[in-house]
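What follows draws every value from the coordinates through simple rules; no lab data is involved. Predicted, not measured: the structure shown is a model, and the values here were computed from it. Counting neighbours? That spans all protein chains shown, and the Cβs are built from the backbone with ideal geometry, glycine included.
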Amino acid sequence: MSAHAHHSPAGRLHRPGRTPVHALPAHCKILAHLAFVLLVVATPREAVWAFGLYAALLAAAAALARLPAGFMLRRTAIEVPFVAFALLLPFLAEGERVTWLGLSLSESGLWGAWNVLAKGTLGVAASVVLAATTELRQILLGLQRLRLPPLMVQIAAFMLRYADVISDELRRMRIARESRGFTARGVRHWAVLARTAGALFIRSYERGERVHLAMLSRGYTGTVPVIDRLTATRAQWAHALALPASAAVVCVLGWTL
């Protein structure tokens, strides 16, 4: 899976390197990432300064991993739809109104927009750091080591493994349509696109059955053996949990100050 994932869109998130962050075991980084995100979400939105400290902590982690600022900004662009939703909240929410540049804005909507933007951006940035410093195969092994249900791990592994296969199948179907002079230009062509989606689903389902039968013929019993049984040292755990530990201090201060 690792060679295949390197060329997939998800695989391109990984940025190889030899930094202290890259060297940490995947399950340590996953647990640290989850704890950090939960602490960010638990922080009251009124503690604006706390989110600035969270951003500084993430910037320090990205710098330690040698991730360029441009790389981080490009990868966090995935949250643009959520930004658009947040920008509408001051106009749509009810409650007390404030006037800014001639616009009547909801005070609760402004706080809601800030809450979505701040926590969403920090969560996405933390995920980018995790994905950029950990290979997909290592993430899956880390999830398995954290006792995530094996079936869920296998489903995720096969999804990543065959994402390119399905996208190539869709590309071939598109080329076949265009070679016959088809170009989608309006609603009247939606029926053709719907039949394409149906055919792609059937082909994917049939491919999945063939793969499953091939696995059964090779002795598959519902679990995939784990060859890499990397364990983490106390020092590695300490380094990985430094970020959520610092975030925990910020979160507590955010509630008390």
Cα centre as origin, Lys/Arg/Asp/Glu Cβ charges: segment 19-165 dipole, Debye
600 debye
Projected onto the charge dipole of the chain (unit charges on the beta-carbon of Lys, Arg, Asp and Glu, signs +1, +1, -1, -1), the Cα from Gly219, Val116, Val21 with the largest positive-side position is that of Gly219
³J(HN,Hα), Karplus 6.51/-1.76/1.60, whole Hz, each residue of segment 215-223, x for Gly, Pro
5, 4, 5, 9, x, 5, 10, x, 10
Residue exposure sequence - His212, His239, His27 - by fewest surrounding Cβ within 10 Å
His212, His239, His27
Scoring the chain by relative contact order with C-alpha pairs under 8 Å, at least six apart, yields a percentage of 36 percent
Debye, to nearest 20: dipole size of the chain, +1 on Lys, Arg Cβ, -1 on Asp, Glu Cβ:
1060 debye
Förster radius 35 Å - calculated FRET efficiency between Thr221 and Phe82, Cβ distance, rounded to 0.05
0.25
Once Cα Rg over 2.2 N^0.38 Å is worked out from the coordinates, which option in (1) 1.07; (2) 1.26; (3) 0.95 does it equal?
(2)
Who wins for biggest fluctuation among His14, His189, His22 in a Gaussian network model of the chain, springs between alpha carbons below 10 Å?
His189
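Would segment 118-257 count as rounded, prolate or oblate if I go by the C-alpha gyration tensor, calling it rounded below 1.5 in a/c and otherwise prolate when a/b exceeds b/c, oblate otherwise? Mind showing how you got there, number by number?
Numbers: a/c = 3.45, a/b = 1.58, b/c = 2.18.
Verdict is oblate for segment 118-257.
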Which value at 222 nm does the chain reach when only helices count, each DSSP H run of 4 or more adding -39,500 (n - 2.57), with the total divided by all residues and rounded to the nearest 500 deg cm²/dmol?
-23000 deg cm²/dmol
Please name whichever of Thr233, Gly102, Leu151 sits farthest to the positive end of the charge dipole of the chain, dipole taken about the Cα centre and charges placed at Cβ: Lys and Arg +1, Asp and Glu -1.
Leu151
Would you work out which of Ala197, Val128, Phe71 lies farthest towards the positive end of the dipole of the chain? Charges go on Cβ: Lys and Arg +1, Asp and Glu -1.
Ala197
Based on Cβ point charges of +1 for Lys and Arg and -1 for Asp and Glu, what charge dipole magnitude is obtained for segment 149-217 about its Cα centre, in debye rounded to the nearest 20?
400 debye
